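Take a look at the structure set out below.
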Amino acid sequence: MNSNDLAVYVHIPFCKKRCIYCDYTSTIDQSLKNEYLYSLKEEIKMISKKMKNKRVRTIYFGGGTPSLMNEVYIEQIFKTLDSNFNLSFLEEFTIEVNPESITKEKADFYKMIGVNRISMGFQSTSDKILKSVGRIHTYNEGLKAFKILSDFFDNINVDFILGLPFEDKETVNNNLEFIKIMKPSHVSYYLLDYSHDTPLKFLLETKKINLPEEDQISELLDLIYDQLDNFGYNRYEISSWSLPRKECIHNKYYWKNYEYIGFGVSAGSHIGNLRTVNTSELPTYLEKIKTGLQPQEFTNKNDDFQELIETLFMGLRLSEGLKYDYLKQRFSDELLNKVLTPLKDNLSDYLSLNGSIKLTKKGMDFSRFVFENLLDIAQTNS
């Protein structure tokens, strides 16, 4: 990677309906679309002035539901990026889509402006599960959308979530059957996180909805791991599987703690040792841009210790882990020993330490335990 390489994320927060498990910054108020588009373009122009030597390698339009926006909306954002950044080295251009908003015309347009990777929120093949969490598409609509997209793109990620209400072995087997037959190039299989303040958490606390037991989830995870391996997918990150040469380049910029910049409400950036996050309040974001201010609610200049901890937090998510040579280029031996020695002493069953530091299979399955230990080291030395 060249030191001037950069990944770009654009957050489009608009949805037709919010899912009950979602804690991302999103809104169903479509009346703010035009003002938000103006603000996005202004932020891109504002920030790009400091990035003249940067080469954009990846672009990712996430949300929200970017595919809900009409073609002119997406085109204006892309043209603003193209006018203010160097896109001549662009390798990967991803847009997130939901099945109900996909048409042949949209797929054709995405292809035309240079999108070469699609990420589709599928979540489940069970209509019962989809309805229970507020998804507004059916399995058949998802299948239809996937087939439309497959006519235009050979790089399609499909998102699934494990542990939703009514999940059981049959629903997981049906998800796996879809993957086996349709063969998306990339699969993200996330474990449901219900710790955030969402409608789902409220329903759980008031016992109006139930989730599968932990033992059942553990068995289903083993089933998923085994079957995706049998289907020829490589688990290159804790929740990510790909066919050969179809790993997500953009997400690797996050996991390797490379430089990236985010535009839009709640978007984060990491440039040098500086980490920033934009405000998650949409009215505040719009007002700050209108007055010519950067819309950040969090800014922190990491010291080398913080940067190392964050690099390990992210890099250990990858099955390849982090090479020692790479770590030594960025950090002193003293600092590395300060963090890596207690990891080696306490987590020998969970970490492989041969030319690189990476999670073993047990470590991948119990990654939360590893990260908790890493957090303890960070707090002890802070």
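The values are calculated or read from the model by the stated rules, or taken from the named source; none is laboratory data. Owing to the predicted nature of the structure, the values given are computational and were not obtained by experimental measurement. Note that each Cβ is placed from the backbone with ideal geometry, even for glycine, and that neighbours are counted across all protein chains shown.
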| How many residues are more than 22 Å from Val277 (Cα to Cα) and assigned to a helix (DSSP H, G or I) if we restrict to the range 29-76? | 11
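Can you tell me which residues in the range 333-357 are among the small types (Gly, Ala, Ser) and over 27 Å from the mean Cα position of the chain (by Cα)? Please lay out each step first, then the result.
From the range 333-357, those among the small types (Gly, Ala, Ser) are 348, 352, 355-356; that's our starting set.
Ser348, Gly355 - these are the residues of the range 333-357 that are among the small types (Gly, Ala, Ser) and over 27 Å from the mean Cα position of the chain (by Cα).
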| field | Positions within the range 111-146 being assigned to a strand (DSSP E or B), of a type in the set (S, T, N, Q) and either at positive phi or touching a Pro at 6+ places or on another chain (Cβ under 9 Å) (or both), in sequence order | value | Gln123
| message | Here are the criteria: (1) in a helix (DSSP H, G or I); (2) hydroxyl-bearing (Ser, Thr, Tyr); (3) surrounded by 12 or more Cβ atoms within 10 Å (Cβ to Cβ). Tell me which single one Ser352 does not satisfy. | response | (1)
| remark: Residue count, the range 229-238, condition closer than 18 Å to Lys362 by Cβ and surrounded by 17 or more Cβ atoms within 10 Å (Cβ to Cβ), comes to 4
| said: Looking for something closer than 17 Å to Ser119 by Cα, surrounded by 19 or more Cβ atoms within 10 Å (Cβ to Cβ) and in contact with an Asp or Glu (Cβ under 8 Å, 6 or more places away or on another chain) - is there at least one such residue anywhere in the range 15-23? | reply: no
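Looking only at the range 193-215, decide whether some residue is of a type outside the set (Phe, Trp, Tyr), assigned by TED's automatic domain parsing to the domain that holds Lys246, at pLDDT 95 or above and touching a helix residue (DSSP H, G or I) at 6+ places or on another chain (Cβ under 6 Å).
Keep residues of the range 193-215 that are of a type outside the set (Phe, Trp, Tyr), which gives 193, 195-201, 203-215.
Okay, now just the ones that are also assigned by TED's automatic domain parsing to the domain that holds Lys246, so 193, 195-201, 203-215.
Those still in the list that are at pLDDT 95 or above too: none.
Looking through the range 193-215, none of the residues is of a type outside the set (Phe, Trp, Tyr), assigned by TED's automatic domain parsing to the domain that holds Lys246, at pLDDT 95 or above and touching a helix residue (DSSP H, G or I) at 6+ places or on another chain (Cβ under 6 Å).
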| said: Looking only at the range 190-215, filter to residues that are in contact (Cβ under 8 Å) with a residue 40 or more places away in the chain and surrounded by fewer than 11 Cβ atoms within 10 Å (Cβ to Cβ); which one of those is farthest from the chain's Cα centre (by Cα)? | reply: Asn210
| Looking only at residues in the range 265-308 that are in contact with a Phe, Trp or Tyr (Cβ under 9 Å, 6 or more places away or on another chain) and of a type in the set (Gly, Ala, Ser), which one is surrounded by the fewest Cβ atoms within 10 Å (Cβ to Cβ)? | Gly268
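If we keep just the residues of the range 250-278 that are of a type in the set (Ser, Thr, Tyr) and assigned to a strand (DSSP E or B), which is farthest from Val56 (Cα to Cα)? Break it down stepwise before answering.
Initially, the range 250-278 is screened for residues of a type in the set (Ser, Thr, Tyr), giving 253-254, 258, 260, 266, 269, 276.
Then drop every residue that is not assigned to a strand (DSSP E or B), which leaves 260, 269, 276.
Details: Tyr260: 9, Ser269: 14, Thr276: 19 Å.
Restricting to residues being of a type in the set (Ser, Thr, Tyr) and assigned to a strand (DSSP E or B), the top hit is Thr276.
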| Does Leu282 qualify as being touching a Ser or Thr at 6+ places or on another chain (Cβ under 7 Å), more than 25 Å from Asn155 (Cβ to Cβ), at pLDDT 95 or above and not aromatic (Phe, Trp, Tyr)? | yes
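Residue-by-condition table, conditions (1) surrounded by fewer than 22 Cβ atoms within 10 Å (Cβ to Cβ); (2) under 30 Å from Ser195 (Cα atoms):
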| site | (1), (2) |
| --- | --- |
| Leu6 | no, no |
| Tyr9 | yes, yes |
| Asp29 | yes, yes |
| Glu42 | yes, no |
| Tyr73 | yes, no |
| Lys79 | yes, no |
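Going through Val97, Val56 one at a time, which residue ends up being touching a residue at least 40 places away in the same chain (Cβ under 8 Å), within 16 Å of Phe263 (Cα to Cα), crowded, with 18+ Cβ neighbours inside 10 Å and under 20 Å from the mean Cα position of the chain (by Cα)?
Just a single option satisfies the conditions, and that option is Val56.
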| remark: (1) outside any loop (DSSP other than H, G, I, E, B); (2) within 18 Å of Ser269 (Cα to Cα); (3) out of contact with any helix residue (DSSP H, G or I) (no Cβ under 8 Å at 6 or more places or on another chain) all hold for Ser3 apart from (1)
